[in-house]
Amino acid sequence: IYSCCYLSRRLNQLSSHDPLWKRHCKKYWLISEEEKSQRNQSWKAIFISTYSDLGRYIRYYATLKKAWDDLEKYLGQRCPRMIGSLKESVREEDLDAVEAQIGCKLPDDYRCSFRIHNGQKLVVPGLMGSMALSNHYRSEDLLDIDTAAGGFQQRLGLKQCLPLTFCIHTGLSQYMALESVEGRNKYEIFYQCPDQMARNPSAIDMFITGTSYLEWFTSYVNKVVTGGYPIIRDQIFRVKCFPFCRYVHDKECVATTGDITVSVSTSFLPELSSVHPPHYFFTYRIRIEMSKDALPEKACQLDSRYWRITNAKGAVEEVQGPGVVGEFPIISPGRVYEYTSCTTFSTTSGYMEGYYTFHCLYYKDKFFNVTIPRFHMVCPTFKVSTARMETNHNEYAVDEDEDSTDTDEYEDRRRVLDIPAPSRRCPRHT
């Protein structure tokens, strides 16, 4: 319309009709009435000035701006100190300078996001979520553009990959492929996973976390602001409850026995997993709660657990043991007990189910079982490194006989002996 207005008097009159530009300002730039009054400009002038600055991002800006606004509002109410770690926007020339530095073009959706916020400072907790398990802790920061450029990779296995996140505790990053090389799709986002069975150090498998920056970032924000990831101790904890919901206790993951409800949520840990050898590491968070309306004499204590663990091949392992993570919690009306443990599979998926055995505190000889609902664990889509595929497969001996592991009993022994937990594996129950 703006261009055509110079060719037709009627179109010229139409192009000056401010309500027409109001709709476009709200649709593409999310300009509010309040912001318009503060700028003291017509809607047309606001649209044109904004377009001259952000016009190349018109396909992405509204979606990303809304995601950032929603995230800031949500975190401002629940963990405001995280808001203080966000950096101001960068200029077009800053992004152009980074492209010149790394010798690759940045995707427009990525550039657009950094025109809104330049990532965050390297602090804890990280904006992109945390995870805690025993002595293992991860918290991922969203990198600012300069730090990301400094970590740009040209080495074999991660050639032309730009880090998006970084955890100062584990060194873990999520990368974005800026070119379609080494079997990756352009702009694909992934966790790197070194092939431990390859002689070639450039053999790096990938756990895929996104197909584009826009999809990756907005889907994460949506999970946060809809309560899918819980805020625990001022941090976003990345825990999910299957099927396909995040820490929202779906009815598939909840079981009630009498006055006691057990709900389960799970998370995949890429930094403790590998494709070769097949070793997929999951954590699960159990919540045990007694109804606040239960009678006082219903108070009870957990004595033992039973697990039935099934991998993707149908192989079943049964595990029994005293307590949970070395504890024997007492449950009374209105009380909640939560704990986190872990398991591993040699297959890409599996599920667990079982029951807890309790005894009544008022009637010592009365025992009963409480159902643990079945919960599934599935690792993300992964890609095998091209370096591996180009190598003679006889070089590898993949053993998939190792099955799942319940670590509650292991945790008991570790605490008694005071030995460090292993950095990569969840050991088998013995």
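Observations on the structure shown:
Okay, residues lined up against (1) in contact with a Leu (Cβ under 8 Å, 6 or more places away or on another chain); (2) part of a strand (DSSP E or B):
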site: LEU106; (1), (2): yes, no
site: ARG111; (1), (2): yes, no
site: VAL123; (1), (2): no, no
site: ALA132; (1), (2): no, yes
site: TYR137; (1), (2): no, yes
site: LYS159; (1), (2): no, no
site: VAL181; (1), (2): no, no
site: CYS193; (1), (2): no, yes
site: ARG199; (1), (2): no, no
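- Test: LEU86 is at pLDDT 95 or above, under 24 Å from ALA148 (Cα atoms) and touching a strand residue (DSSP E or B) at 6+ places or on another chain (Cβ under 6 Å): yes
- Condition check for TYR60: within 24 Å of THR218 (Cα to Cα), surrounded by 14 or more Cβ atoms within 10 Å (Cβ to Cβ) and either at pLDDT below 95 or touching an Asp or Glu at 6+ places or on another chain (Cβ under 9 Å) (or both): yes
Residue-by-condition table, conditions (1) among the acidic types (Asp, Glu); (2) farther than 30 Å from ARG138 by Cα; (3) open to solvent by 40 Å² or more (accessible area, probe 1.4 Å):
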| site | (1), (2), (3) |
| --- | --- |
| VAL262 | no, no, no |
| PHE268 | no, no, no |
| GLU271 | yes, no, no |
| SER274 | no, no, no |
| PRO277 | no, no, no |
| THR283 | no, no, no |
| PRO296 | no, yes, yes |
| ASN311 | no, no, no |
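- Scan of segment 201-222 for residues that are in a helix (DSSP H, G or I) and either touching a Gly at 6+ places or on another chain (Cβ under 9 Å) or among the hydrophobic types (A, V, I, L, M, F, W, C) (or both), ordered by number: LEU214, TRP216, PHE217, SER219, TYR220, VAL221, ASN222
- Scanning segment 268-317 for residues that are within 30 Å of PRO333 (Cα to Cα), of a type in the set (A, V, I, L, M, F, W, C) and in contact with a Cys (Cβ under 6 Å, 6 or more places away or on another chain) returns a single hit, CYS300.
- Where HIS17 falls short, out of the listed (1) at pLDDT 95 or above; (2) surrounded by 12 or more Cβ atoms within 10 Å (Cβ to Cβ): (1)
- Residue list for segment 58-99, filter: within 14 Å of LEU162 (Cβ to Cβ) and without any contact (Cβ under 8 Å) to a residue 40 or more places away in the chain: GLU99
- Among (1) outside any loop (DSSP other than H, G, I, E, B); (2) in contact with an Asp or Glu (Cβ under 9 Å, 6 or more places away or on another chain); (3) in contact (Cβ under 8 Å) with a residue 40 or more places away in the chain; (4) not aromatic (Phe, Trp, Tyr) - the single one MET128 does not satisfy: (1)
- Top-ranked residue of segment 63-88 - restricted to ones that are assigned to a helix (DSSP H, G or I) and of a type in the set (Lys, Arg), ranked as least open to solvent (accessible area, probe 1.4 Å): LYS65
- Criterion: buried (at least 16 other Cβ atoms within 10 Å of the Cβ), free of Cβ contacts under 8 Å to residues at least 40 places away in the same chain and of a type in the set (Phe, Trp, Tyr) - qualifying residue of TYR187, TYR175, TYR220, TYR229: TYR175
- For segment 232-245, taking the residues that are of a type outside the set (Val, Ile, Thr) and open to solvent by less than 50 Å² (accessible area, probe 1.4 Å), the one that is modelled with the highest pLDDT is identified as GLN235.
The values are calculated or read from the model by the stated rules, or taken from the named source; none is laboratory data. Values in this document were obtained by computation on a predicted structure and should not be read as measured data. Every residue, glycine as well, gets a Cβ built from its backbone with ideal geometry; the counts of neighbours run over all protein chains shown. These accessible areas exclude ligands, DNA and RNA; they are computed on the full protein's heavy atoms, side chains included. Shrake-Rupley method; radii C 1.70, N 1.55, O 1.52, S 1.80 Å.
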